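Undergrad: I am attaching a structure below and will ask some questions about it afterwards.
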Amino acid sequence: MKKLAILGSTGSIGKQTLEVIENFPKEFQATYLSANNNIDLLKQQIQKFRPKAVVILDEQCAKSLTKEFGGTTKILSGEQALQEIVQQDDVDIVVSSLVGFAGLKPTIKAIEAKKKIALANKETLVVAGEIMIPLAEKHNIELLPVDSEHSAIFQCLVGELPNKIEKIILTASGGPFRNHSLKELETVTIADALNHPNWKMGNKITIDSATLMNKGLEVIEAHWLFGVRAEKIDVVVHPQSIIHSMVEFVDGSIKAQLGAPDMKIPIQYALTYPSRAQAQWPRVNFSKLKEMTFFEPDTKRFPCLELAYSALRSGGTIPAVMNAANEIAVANFLTGKITFNDIPRIIRNVMEQHSSEKQPTLDAIFDADTWARRKALEYI
């Protein structure tokens, strides 16, 4: 039986990971869970899955949980505890599904502990890919992507030689605003932006999808996961979200991975790889599929995508700065302090002020992250 540490068990990916392992009670066990502040849901997960320990970031919440579950489940608190659970001997797979920059340190610790990594936290590679990839190679750890797009690419590359890749083609749904004008984008509401047409995701990634920043982050992640340069990574808008991504090879052949827009499919693949397991997730019915359409993304209306390409080409600490500014901008949009179109304006302003440090250390990346968050708040 494989034992899992699920970082961010109350988030969208964490919840769906638990749904997946419920279908394989003899193969997987949720040994460690972690959450930020969704205490009610975490209580339900403790009661249902009986993990050995859970980590909650807030110390007072941890004390409350200890009174309720301390006799059966160990309650830990703080960021250090996150880094400790991923290194435990009774962890086989770490599902890294924390949102944003917070997932970096525990994922690095998991790599150093030679754990199998199911990576759903794209920001870790965005901000520190040039540290994480050599580290994973040093410890002979394969980072198994959970994002539907990167899982698709990963599956298309099984049995293929990396030097035969001509191009990676990431598909994007286009989000809820793909037909909006710039003027219309100025007045969209938070509720509008959270109403994704195809996927059920957490708030932050849903807003990133609406701005196309999520696709920009995926471009950078694809660069690090598959060793492909920026100019060989294309993005195409595919509103139906049936083709999850494609790989074009040097002979002109193109492989695509298709499936229903359900995150449990790539989650299960990451957990069971290199095998495939029977599951009852939704299937694509091609006879009822009316159309599959494709469009070039509009970076004038959605400049976040081009900002991400720019950050990838610049390298150094710029991607960390871009990511931090985006996290601050999205958080402030979700509280109504800025407009939707302010998000890329804030990111661009912070990036333009930054003097990038090439080949940064981990400390330099953390310093750049702190600096960018402060600058973004000052601009707001």
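Undergrad: In this structure, does Ala110 turn out to be closer than 20 Å to Thr361 by Cα, more than 15 Å from the chain's Cα centre (by Cα) and surrounded by 20 or more Cβ atoms within 10 Å (Cβ to Cβ)? Show your work before the answer.
TA: Details: closer than 20 Å to Thr361 by Cα: yes; more than 15 Å from the chain's Cα centre (by Cα): yes; surrounded by 20 or more Cβ atoms within 10 Å (Cβ to Cβ): yes.
Answer is yes for this residue.
Undergrad: Moving to a separate point now. For a quick check of your reading: which helices (runs of 4 or more DSSP H) sit entirely within segment 115-230 and have at least 1 residues that are within 30 Å of Asp251 (Cβ to Cβ) and more than 19 Å from the chain's Cα centre (by Cα)?
TA: Working: elements: 122-138, 148-156, 182-185, 190-193, 203-211, 213-226.
Fully inside segment 115-230 and qualifying: 122-138, 148-156.
Undergrad: Now, a different point. Hey, among the residues in segment 231-254 that are crowded, with 17+ Cβ neighbours inside 10 Å, of a type outside the set (Val, Ile, Thr) and in contact with a Leu (Cβ under 8 Å, 6 or more places away or on another chain), which one's farthest from Lys215 (Cα to Cα)?
TA: Once the filter is applied, the top-ranked residue is Gln240.
Residue by residue, here is whether (1) at pLDDT 90 or above; (2) among the small types (Gly, Ala, Ser); (3) surrounded by fewer than 14 Cβ atoms within 10 Å (Cβ to Cβ) holds:
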| site | (1), (2), (3) |
| --- | --- |
| His180 | yes, no, no |
| Thr187 | yes, no, yes |
| Ala191 | yes, yes, yes |
| His196 | no, no, no |
| Lys200 | no, no, yes |
| Asp208 | yes, no, no |
| Leu212 | yes, no, no |
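Undergrad: Thr107: more than 22 Å from Thr370 (Cβ to Cβ) and of a type in the set (Ser, Thr, Tyr), yes or no? If you could, list the steps in order and put the result at the bottom.
TA: Numbers: more than 22 Å from Thr370 (Cβ to Cβ): no; of a type in the set (Ser, Thr, Tyr): yes.
Spelling it out, it is not the case that Thr107 is more than 22 Å from Thr370 (Cβ to Cβ) and of a type in the set (Ser, Thr, Tyr).
Undergrad: Turning to a different aspect of this structure: Among Ala260, Ala325, Ala277, Ala308, which is the only one that is in contact with a helix residue (DSSP H, G or I) (Cβ under 7 Å, 6 or more places away or on another chain), more than 21 Å from Asn121 (Cβ to Cβ), of a type in the set (A, V, I, L, M) and touching a residue at least 24 places away in the same chain (Cβ under 8 Å)? Can you show your working first?
TA: Numbers: Ala260 fails: in contact with a helix residue (DSSP H, G or I) (Cβ under 7 Å, 6 or more places away or on another chain); Ala325 fails: more than 21 Å from Asn121 (Cβ to Cβ); Ala308 fails: more than 21 Å from Asn121 (Cβ to Cβ).
Criteria check complete, one pass: Ala277.
Undergrad: Then there's this: Kindly check whether there is at least one residue in segment 92-109 that is acidic (Asp, Glu), in a loop (DSSP other than H, G, I, E, B), modelled with pLDDT of 90 or more and out of contact with any Gly (no Cβ under 7 Å at 6 or more places or on another chain).
TA: Initial filter on segment 92-109 (acidic (Asp, Glu)): 92.
Next, only the ones that are in a loop (DSSP other than H, G, I, E, B) stay: 92.
From what's left, modelled with pLDDT of 90 or more: 92.
When the remaining residues are screened for being out of contact with any Gly (no Cβ under 7 Å at 6 or more places or on another chain), the result is 92.
Yes, segment 92-109 contains at least one residue that is acidic (Asp, Glu), in a loop (DSSP other than H, G, I, E, B), modelled with pLDDT of 90 or more and out of contact with any Gly (no Cβ under 7 Å at 6 or more places or on another chain).
Undergrad: Let me ask something else. Limited to segment 24-36, what total is found for residues that are touching a helix residue (DSSP H, G or I) at 6+ places or on another chain (Cβ under 7 Å) and free of Cβ contacts under 8 Å to residues at least 40 places away in the same chain? Walk me through how you get there before you give the answer.
TA: Within segment 24-36, the subset touching a helix residue (DSSP H, G or I) at 6+ places or on another chain (Cβ under 7 Å) is 28, 30, 32-35.
Keeping just the survivors that are free of Cβ contacts under 8 Å to residues at least 40 places away in the same chain gives 30, 33, 35.
So the answer is 3.
The values are calculated or read from the model by the stated rules, or taken from the named source; none is laboratory data. On a predicted model such as this, the values are computed, not experimentally measured, just so you know. All Cβ positions, even for glycine, are placed from backbone atoms using ideal geometry, and neighbour counts span all protein chains on display.
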